[in-house]
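Structure first, then comments.
The values are calculated or read from the model by the stated rules, or taken from the named source; none is laboratory data. Owing to the predicted nature of the structure, the values given are computational and were not obtained by experimental measurement. Glycine also receives a Cβ, built like all others from the backbone with ideal geometry; neighbour counts cover every protein chain displayed.
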Amino acid sequence: MRVVMKFGGTAVANGEKIKTAANLVMRSKEAAENMEIVVVTSAIYAVTDTIYEHANRIAEEGKVEKVKEFVGELRNKHNMVASVAIDDTPVLKKVKDEIKERTAEMEKALTGICLLGELTLRSLDYIGSFGERLAAPILAGAIQSAGIDAVHFTGGDIGIITNAEYGSAQLMGGIEQEVRARIMPLLGDKIPVVCGFTGETKEGKITTLGRGGSDYTATIIGAAIDADEIWLWKDTEGIMSADPKRIKNARKIPYISYIEAMELSYFGAAVLHPRAIEPIMKKKIPIRVKNLLNPDDEGTLIGEEQETTKKAAKAITLIENTSIVNIAGTGIGSISDIASRIFSVLAAKNVDIIMISHGSSERTLSLVIDSAQV
Ligand code: ASP
Ligand code: MG
């Protein structure tokens, strides 16, 4: 069996959880002969947010001593997590050296940003990638410490080549063969541990696949290597009927179709990266969303089959911070003509439309868009 296992931020939130994750990988590997596993990791819980917040503040305030302070905190945090996650002393030492190296690289970049007072999308991607690039060595070290050889890679290392749309980069054509060619020789005795979320342009500049992009990394790899299944490990039971933080009696959904999962994520549920279904849909590779703290539970299965239900809805979700733009007037004339002109203008500015409606009078058109794009 060939499985891609992705550990989300909450599944690698601290040293104990990383140890649990590593043991799970080891047990799964030993459970069956010919078990082939590729691991994808997110950044440690909340690290990506913290990095973006600090990068913005550093660019704004221009205080170089803040760079040292922040990078120092980040280094300590990862060192502490590594010390709990990794028992093997030589492995721990190697991982701490890697953390030191990567944080030094980060400090240089942040110092540049601080002095210039300028934070481009390109530098945001580069800085943002450090969340995963600091987590992967720790998870790989923990797996090694658990007794299986593991090697870590960035997305670029294993062939995730993208365009230069920083912040939400698009895959280049033909990368599937490249990813396959780079991953397949590693399978078997070794466990590749890949940084989720990250890609690279042809010129070698680091890009990211959009927030929550580690899911997408997992399915890109899964499709490329013809995985039998993709397992997304979280610290919840699976995909829930609503956000359990808001709705106390939210229930686990045992089965959901690709289309439904995709709709849910487009409509704001933090269940999956919205594009994560695309790579695996044609090959019909099932995804399981599983609970790290209860690994024997089935979790949620996401698959091809559409299941009909007598219930009005399977799940409820919401998108926050949206705005309605109303375009109205007696001069509007034909709605199809004005709509096509409005959509071309919005497309030219990369404004995503979440929802559209127009009155039957053909005098108003309303668009719901992300408030940030107003
Ligand atoms: N670390 C990235 C984020 O916070 C990607 C991910 O977790 O999937 O968005
Ligand atoms: Mg996620």
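Residues that are at negative phi and crowded, with 16+ Cβ neighbours inside 10 Å within the range 236-254 comprise 236, 237, 239, 240, 241, 242, 243, 250, 252, 253, listed in sequence order.
The residues listed here are 204, 222; of these, the one that is of a type outside the set (D, E, K, R) and farther than 28 Å from residue 301 by Cβ is 204.
Residues that are surrounded by 16 or more Cβ atoms within 10 Å (Cβ to Cβ) and without any contact (Cβ under 8 Å) to a residue 60 or more places away in the chain were ranked within the range 279-307; the one that is farthest from residue 230 (Cα to Cα) is 291.
Does residue 213 satisfy being touching a helix residue (DSSP H, G or I) at 6+ places or on another chain (Cβ under 8 Å) and either away from ligand 1 (no atom under 16 Å from the Cβ) or not β-branched (Val, Ile, Thr) (or both)?
Working: touching a helix residue (DSSP H, G or I) at 6+ places or on another chain (Cβ under 8 Å): no; either away from ligand 1 (no atom under 16 Å from the Cβ) or not β-branched (Val, Ile, Thr) (or both): yes.
It is false that residue 213 is touching a helix residue (DSSP H, G or I) at 6+ places or on another chain (Cβ under 8 Å) and either away from ligand 1 (no atom under 16 Å from the Cβ) or not β-branched (Val, Ile, Thr) (or both).
Residues are listed down the side, and each one gets a yes or a no for (1) of a type in the set (Val, Ile, Thr); (2) surrounded by fewer than 24 Cβ atoms within 10 Å (Cβ to Cβ); (3) at pLDDT 95 or above; (4) at positive phi:
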{"site": "86", "(1), (2), (3), (4)": "yes, no, yes, no"}
{"site": "96", "(1), (2), (3), (4)": "no, yes, yes, no"}
{"site": "108", "(1), (2), (3), (4)": "no, yes, yes, no"}
{"site": "124", "(1), (2), (3), (4)": "no, yes, yes, no"}
{"site": "128", "(1), (2), (3), (4)": "no, no, yes, no"}
{"site": "135", "(1), (2), (3), (4)": "no, no, yes, no"}
{"site": "139", "(1), (2), (3), (4)": "no, no, yes, no"}
{"site": "149", "(1), (2), (3), (4)": "no, yes, yes, no"}
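Against the list (1) crowded, with 21+ Cβ neighbours inside 10 Å; (2) away from ligand 1 (no atom under 16 Å from the Cβ), the condition residue 190 fails is (1).
Yes/no matrix, rows are residues, columns are (1) in contact with a Phe, Trp or Tyr (Cβ under 6 Å, 6 or more places away or on another chain); (2) outside any loop (DSSP other than H, G, I, E, B); (3) of a type in the set (Gly, Ala, Ser):
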residue: 288; (1), (2), (3): yes, yes, no
residue: 311; (1), (2), (3): no, no, no
residue: 317; (1), (2), (3): yes, no, no
residue: 325; (1), (2), (3): no, yes, no
residue: 338; (1), (2), (3): no, yes, no
residue: 350; (1), (2), (3): no, no, no
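Considering only residues that are more than 13 Å from ligand 2 (Cβ to nearest atom) and either out of contact with any strand residue (DSSP E or B) (no Cβ under 8 Å at 6 or more places or on another chain) or under 12 Å from residue 160 (Cα atoms) (or both), which ones fall in the range 185-197?
Quick first cut of the range 185-197, residues more than 13 Å from ligand 2 (Cβ to nearest atom) only: 185-195.
Residues satisfying the conditions are 185, 189, 194, 195.
The condition of being surrounded by fewer than 24 Cβ atoms within 10 Å (Cβ to Cβ), small (Gly, Ala, Ser) and at pLDDT 95 or above holds for only one of 59, 22, that being 59. Taken together, the residues in the range 308-335 that are under 18 Å from residue 241 (Cα atoms) and free of Cβ contacts under 8 Å to residues at least 24 places away in the same chain amount to 6. With respect to the conditions (1) touching a Pro at 6+ places or on another chain (Cβ under 7 Å); (2) more than 16 Å from ligand 2 (Cβ to nearest atom), residue 220 falls short on a single one, namely (2).
For every residue, the table says whether it meets (1) in a strand (DSSP E or B); (2) more than 16 Å from ligand 1 (Cβ to nearest atom).
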| site | (1), (2) |
| --- | --- |
| 202 | no, yes |
| 223 | no, yes |
| 243 | no, yes |
| 247 | no, yes |
| 256 | yes, yes |
| 265 | no, no |
| 273 | no, no |
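A search for C-beta distances below 8 Å between a residue of the range 198-217 that is within 14 Å of residue 167 (Cα to Cα) and of a type in the set (D, E, K, R) and any residue that is modelled with pLDDT under 95 and more than 8 Å from ligand 1 (Cβ to nearest atom), counting only pairs 6+ apart in sequence or on different chains, returns nothing.
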